[in-house]
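Only one structure is covered here, and it is reproduced in the block below.
Please treat every number below as a calculation from the coordinates, not as lab data. Worth saying up front: this structure is predicted, and the values here are computed from it rather than measured. Methodologically, a virtual Cβ is constructed for each residue, glycine included, from the backbone with ideal geometry; neighbour enumeration extends over all protein chains shown.
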Amino acid sequence: MLSVNYNKLAIHGGKPILSKKDIVKWCPVLQKDREAIKRVLDQNEIAGSNATETVKLQQEWSQYIGVNNSILTNSGTAALHMAVASLGIKPGDEVIVPSYTFVASATSVLHHNAIPVFADIEKDSLFISIKSMEKRINSKTKAIIVVHLNGMPAPIDKIISIAKKYNLKVIEDACQAHGAEYNGKKVGSFGDVAAFSLNKSKNLPAGEGGIFVTNSNDYFEIAKRLCKFGEIYNERGERDYNAYGLGWMYRSTEFVASFARSRLKYLNEWNQKRRENVSYLNQLIDDIPGIKTILPIKNSLPAYWRYMFKIEPEELNLNIKPKNLRYLIQNALIHEGLLISQWQKMIVPKQTLFINRNGYGNGCPWSCDKSSKNIRYDKYDYPNGDNIVNQSLWLKEGIQPFNSIETIEKIGLAIRKVFENIELLIDSAKNDYNSF
């Protein structure tokens, strides 16, 4: 195992622990990927709902997840919108969304003229708070969006239990959780509908794209129309150019489908490597005061999208605002060669769109006559979400497959080096930051 170089911190002119060549960025293009793209060119069929690669990917993904139906889309956001719309969510209906998530979890609700209502997350976790969620359920609530954040399965059984109690639908946002499992089942197979992303950063990267999944044939048929201009296509892909309702153009291409199929063959292997790397990195830094790792819940098998940890200034007996300490540590780690940052700069209900409540203009959909007029997004209602934003750091690269054990050790060393020089780091910053 490597040992710490106790020379000056890199931010103070010392030598960084990692160099650019130490980290293999996700995801290298393999020879099999190149062959998959060539196959599309050779087939001379580059797009189409019934095109060969698209149909095969949808079949293979359904089998992998354990669902009846899948639809390839051009983004995870499109898949989320299709998930909301396929359930029959109507203007003015309310959908509960966790405060700490990517904005698309909430805007997918707005896209169908419904209202996202935010619940806080649990303390020291990444998952929606059952107590906060249940408190926000009323007669206008129609669904709950469960986010399996960072590839870590949420306690979906508890959430489904609440949903059944109030006759609500469950949407799984699994855009960061390809192949993750809870109680031996793949996430995405529990709810009424689910969405995955094929963005280049995700565990199953195909450049850009998404997949909508459901066990319901009814939701599947609705989603198919939404994906293609509101039209109905026959089995041969023929259309009558008659829109039966609002629809969008959410189709993808054969290149994305073929690329995803190539990489699906490696997904289980890659996820296992992520788990091994995260487990080893946890071992390397778990004893460092001031660091708290977020562990997966019982009976879950995570598919870690990225590596994240929480900073606890109380453990260090430091009189400094948590967000200021996080900023100093983040900056120091960047200088040590880590690709690290906050994941989100603020919780979703603090974003301007929701503070101003002006989605389509004229205050809609909040001001529309179908909506409740008392919807407000009070920034003080989500303390746990705020806490995670201010005190967590996400390692963007390093734990993904193709990185070596030595790279994981260097990441651990860089984190240890910074935390063991934390007082020096703070002292050197006092002249620049009066609030410290």
How big, on average over all directions, is the shadow cast by the Cα convex hull of segment 286-350, in nm²?
6.3
Determine, for Met152, Met249, the number of other Cβ atoms within 10 Å of each Cβ, and report the residues in order from fewest to most.
Met249, Met152
Taking θ = phi - 60°, what integer Hz values does the Karplus form 6.51 cos²θ - 1.76 cosθ + 1.60 yield along segment 197-208, in sequence order, with x for Gly and Pro?
10, 10, 4, 4, 8, 7, 5, 10, x, 10, x, 7
Among Lys90, Lys164, which comes first, second and so on when ranked by fewest other beta-carbon atoms within 10 Å?
Lys164, Lys90
Considering only DSSP beta bridges with both partners in segment 31-265, what is the antiparallel share in %, to the nearest 5?
50
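Which value in deg cm²/dmol, rounded to the nearest 500, describes the helix-derived mean residue ellipticity at 222 nm for the chain, given -39,500 (n - 2.57) per DSSP H run of n ≥ 4 and division by the residue count?
-10500 deg cm²/dmol
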Rg followed by Dmax, in Å, when segment 327-415 is reduced to its Cα trace:
19.5, 60
Show me, for segment 59-75, the HN-Hα J-couplings you get by feeding each phi into the Karplus relation (A = 6.51, B = -1.76, C = 1.60, θ = phi - 60°), rounded to Hz, glycine and proline as x.
5, 5, 5, 4, 5, 5, 6, x, 10, 7, 9, 9, 10, 6, 10, 8, 6
Reachable lysines from Lys292, criterion Cα separation under 20 angstrom, eight or more residues apart if same chain
Lys123, Lys310, Lys321, Lys323, Lys345, Lys396, Lys410, Lys417
Rg/Rh for segment 170-236 to two decimals, with Rh computed the Kirkwood way over all alpha-carbon pairs.
1.02
Please compute P(r) over all alpha-carbon pairs of segment 31-265, binned at 5 Å starting from zero, and give each bin as a whole-number percent.
1, 7, 15, 19, 20, 15, 11, 6, 3, 1, 0, 0
Proximal lysines to Lys185, defined as alpha-carbon separation beneath 23 angstrom and excluding residues fewer than eight positions away on the same chain
Lys56, Lys158, Lys164, Lys165, Lys169, Lys202, Lys265, Lys273, Lys298
For the chain, report the convex hull volume of the alpha-carbon atoms normalised per residue, in Å³, without decimals.
152
Remind me, relative contact order of segment 31-265 in percent, using alpha carbon pairs under 8 angstrom and six or more residues apart?
26
Calculated from backbone phi, Karplus (6.51, -1.76, 1.60) coupling profile of segment 321-329 in Hz, x at Gly/Pro
4, x, 5, 6, 5, 4, 5, 4, 5
Give me the percent relative contact order of the chain, please, defined on Cα pairs under 8 angstrom at least 6 residues apart.
22
Could you tell me what a quarter of the Cα convex hull surface of segment 165-276 works out to, in nm² with one decimal place?
9.1
Of all DSSP beta bridges in the chain, antiparallel share, percent nearest 5:
65
For Val193, the residues 5 or more places away or on another chain with a placed amide H closer than 5 Å to its own amide H are Val170, Glu172
